[in-house]
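What follows is one structure encoded as structure tokens, with my remarks underneath.
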């Protein structure tokens, strides 16, 4: 893991400020924003990828923030690492693909170090949260989806 210097962060912010809002959500969020799931600050989300081929990268440094929502909670912004962790948990545990963990639920089972995309996921906690909410979620899901078997 490479930690960005203040100069790296300043150059990244300047590059993001030159991009349109359509290209990058970075400029719309205040510097005080933190991911509601992993609690990393806006600047702790920046990590080194070594590429410049997307709208969220500059000189190899990248950061992406995504809109995140479902029927169970209002739209919010989370970092791309937490959004990815949500998908990994659903895939690994074979959960309903339409299910999304709320940011407050994810904070109990997703840990990500600053400037890193390596998520530490507690699958047992995720499974407990999912089944604790299954009955309430059942009324929102599609009629052709069956409940997964409990372990």
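Hey, could you check the range 101-127 for residues that are in a loop (DSSP other than H, G, I, E, B) and in contact with a helix residue (DSSP H, G or I) (Cβ under 6 Å, 6 or more places away or on another chain) and say which is surrounded by the most Cβ atoms within 10 Å (Cβ to Cβ)?
Checked the range 101-127; the qualifying residue surrounded by the most Cβ atoms within 10 Å (Cβ to Cβ) is 101.
Let me spell it out: the conditions are (1) under 19 Å from residue 25 (Cα atoms); (2) at pLDDT 85 or above; (3) surrounded by 15 or more Cβ atoms within 10 Å (Cβ to Cβ); (4) in contact with a strand residue (DSSP E or B) (Cβ under 7 Å, 6 or more places away or on another chain), and residue 75 meets all of them except one. Which number is the exception?
(3)
Being touching a strand residue (DSSP E or B) at 6+ places or on another chain (Cβ under 7 Å), touching a residue at least 12 places away in the same chain (Cβ under 8 Å) and not in a helix (DSSP H, G or I): is that true of residue 67 here?
In short, yes.
The values are calculated or read from the model by the stated rules, or taken from the named source; none is laboratory data. Predicted model only: the values in this text are computed from it and were never measured. FYI the Cβ positions are ideal-geometry reconstructions off the backbone, even for glycines, and counts take in every protein chain you see.
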